[in-house]
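Engineer: Pasting in a structure now, in structure tokens, and then I'll have a few things to ask.
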Amino acid sequence: MSDIIKLLPGSVANQIAAGEVIQRPASVVKELVENAVDSGATEIKVVITDSGKTMIQVADNGCGMSPSDALLAFERHATSKISTADDLFALSTKGFRGEALASIAAVAMVELKTARCGDESGTLLTLAESEVKSRQACSHTSGTVITVKNLFYNVPARRKFLKKESTELRHIITEFQKIALSHPEIRFRLVHNDTEQYNLPAAGRKQRIVNLFGRTVDASLVPVSSETSIISISGFAGKPEFARKRGGEQFFFINNRYMRHPYFHKAVTEAYSSILPPDSVPSYFIYLTADPCTIDVNIHPTKSEVKFEDEKSIWKILHAAVRESLGRFNISPAIDFKGRGHEIDIPIISGSSHMPAPPDIETDSSFNPFHQEQKGREAYSGIRFSSSKRAAYERLLFPEESDEVNSPPSPLTRSFLNLKSSYIMTAVKSGVMVIDQRRAHERILYEELLARLSSDEKSSQTTAFPVTIGMGREDVRAISELQESLRLAGFEIVIGSETEVTVKGYPEGVGSGDIERIFLDFAGHYRDDEADPDMGEREMVAKALAAASAIPYGRSLLQSEMEELFDRLFACRLPNYSPSGKPVVVIVPTGEIEQRFR
């Protein structure tokens, strides 16, 4: 019997390796820009065409390469960053494995121009499918320009799974932001389809954050700082009033390298536990500095995860540093006893002074708060309810059950309990029904918004005082792309600048005071929904707006509001589940309750 094990051809091995490192155009941008940073560049320009599918070009003024180095750079595991295994524990550069250029050349057409300072001529290389197609001298100033064309042209299955251009561009911008935040001392530019997206001059960290995310972020941050023998911490944390329902700007950096770290994320969010509701997430930009020997950056193919030697101690230090900053910078009320010496400016009453008479208090002995319905209270957040309609409850929720088993409470006798201001409880013949009030409201709003978006008839009210909202550039770009769908949903929007949106009209029942929060939350929800290729734009808009507008957990409801929510939920086409597929209604059977008392 012949042997069956054989070595893979180099081209196949390179494509397999590329699958780990190069997942989408944003991966190419990340690897090339990190190489430019490692080259010592002070200026880096990124030019993108068709969200990276057609072309990605990165130009820098770094050290450049010799002709032989330029050739060797595209070999697998060729690197200038390390020489021995011990060097892995003293890394000060972004890349070190020598896989990026080889992986890119395996799945795209690549052109490289490079020259060192003082070289009489530069080197021009063209590659395709990991092979050098041409090599010649060229005129070029010091630095390197790498142009990547037709990404995944030879792997059509990978190219087919790329998302729409706006989604891929958003991923590119995210990677660009991570590196730009890591190195504010470098000037960065990003151009997409001949339109400049960012032009970031060299600056300090705070100014770089403002340049990236808009001037409104300036007032939303407080500095964080801590120096210990284990870790040094600096950066900024967001004020609670600027927190979002979905993740906004959360960035960790270790030794000027971006990282994801869910454990440390929890340390930050728990510092807000007493001042933020559980469904809100604060922004933060946290820079950690540690001895390279105490961290391992070689645990993930894209180097986005880092292992620390003493994570528990760092967790406590980080948690304490954020809590201290929130307390020190007037997040909680403080009384200032300084500034006027030791004097207490309170008039002293002497024995001869007349004491002020106590105020008269009038009471109404006939008043009974339990016999008078509370008036004037606005309905809870989101689009207000119209007149209620009694639902065919059994048919919609329990089509397989008979009316005798799960018939709803009579409209004349039913009552509701608001448990922890998050759940609505009511009795049914089979037991106790528990409704998640936020998810129920999401389902109601989602179906209403879908109906509006499908009707092509807008229904909005114009405000006398337009609301101007400061947002990140990528959020404004998403709002701009969705203007027609938002118009049909009832919003009248004007794009003021790259970082501002003005709302002149909104659907009936949405208070103008909630508009800013709704739009900021909407942008975060929409970004998350874009990952689903099976969802259309209108469904994504309706789902994101419903999530942003729905009643929050912790909001107590009146009996009339709970009845309204109940009736409208069971008038929905799919009342059992939220738009995200999570359960809305749970029945606790009477038998289970009786079992507890045996």
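Engineer: Just to confirm my numbers, what's the Cα centroid distance between region 167-210 and region 530-591 in Å?
Structural biologist: First find each Cα centre; the distance between them is then 38 Å.
Engineer: Calculated FRET efficiency, residue 66 and residue 164, Cβ-Cβ r, R0 35 Å, to nearest 0.05?
Structural biologist: 0.25
Engineer: Compute the length gained on full extension between residue 206 and residue 329: take 0.36 nm times their separation in residues and subtract their Cα-Cα distance, giving the result in nm to one decimal. Intermediate results must be reported in sequence, preceding the final value.
Structural biologist: Working: separation 123, 0.36 × 123 = 44.28 nm, distance 1.63 nm.
So the chain would gain 42.6 nm between residue 206 and residue 329.
Engineer: Related question: Stretch residue 483-residue 296 to full length: gain in nm at 0.36 nm per residue minus the Cα-Cα span? Can you show the working numbers first?
Structural biologist: Values: separation 187, 0.36 × 187 = 67.32 nm, distance 4.51 nm.
Difference between extended and current length: 62.8 nm.
Engineer: Could you tell me the distance between the Cα centroids of region 468-506 and region 251-281, to the nearest Å?
Structural biologist: Each part's Cα centre sits 28 Å from the other's.
Engineer: With each pseudo-label sitting 7 Å past Cα toward Cβ, what's the residue 495-residue 587 distance in nm, one decimal?
Structural biologist: 5.0
Engineer: Net charge around residue 54, counting only other residues with Cβ within less than 13 Å of its Cβ (Lys, Arg = +1; Asp, Glu = -1)?
Structural biologist: With Lys, Arg at +1 and Asp, Glu at -1, the net is -1.
Engineer: Using a Förster distance of 22 Å, how high is the FRET efficiency between residue 266 and residue 577, based on the Cβ-Cβ distance and rounded to 0.05? Could you put the intermediate results ahead of the total?
Structural biologist: On the way: r = 28 Å, r/R0 = 1.29.
For residue 266 and residue 577, the calculated efficiency is 0.20.
Engineer: Still on this structure: Say R0 is 41 Å: what FRET efficiency, to the nearest 0.05, do residue 432 and residue 274 get from their beta-carbon distance?
Structural biologist: Once the sixth-power term is evaluated, E becomes 0.85.
Engineer: State the extension gain, in nm to one decimal, for the chain segment bounded by residue 597 and residue 194, taking 0.36 nm per residue of separation less the distance between their alpha-carbons.
Structural biologist: This chain segment gains 137.9 nm when fully extended.
FYI, it's all coordinate maths here, none of it is from the lab. Because the structure is predicted, anything quoted here is derived from the model rather than measured. Neighbour counts run over all protein chains shown; Cβ positions are idealised from the backbone, glycine included.
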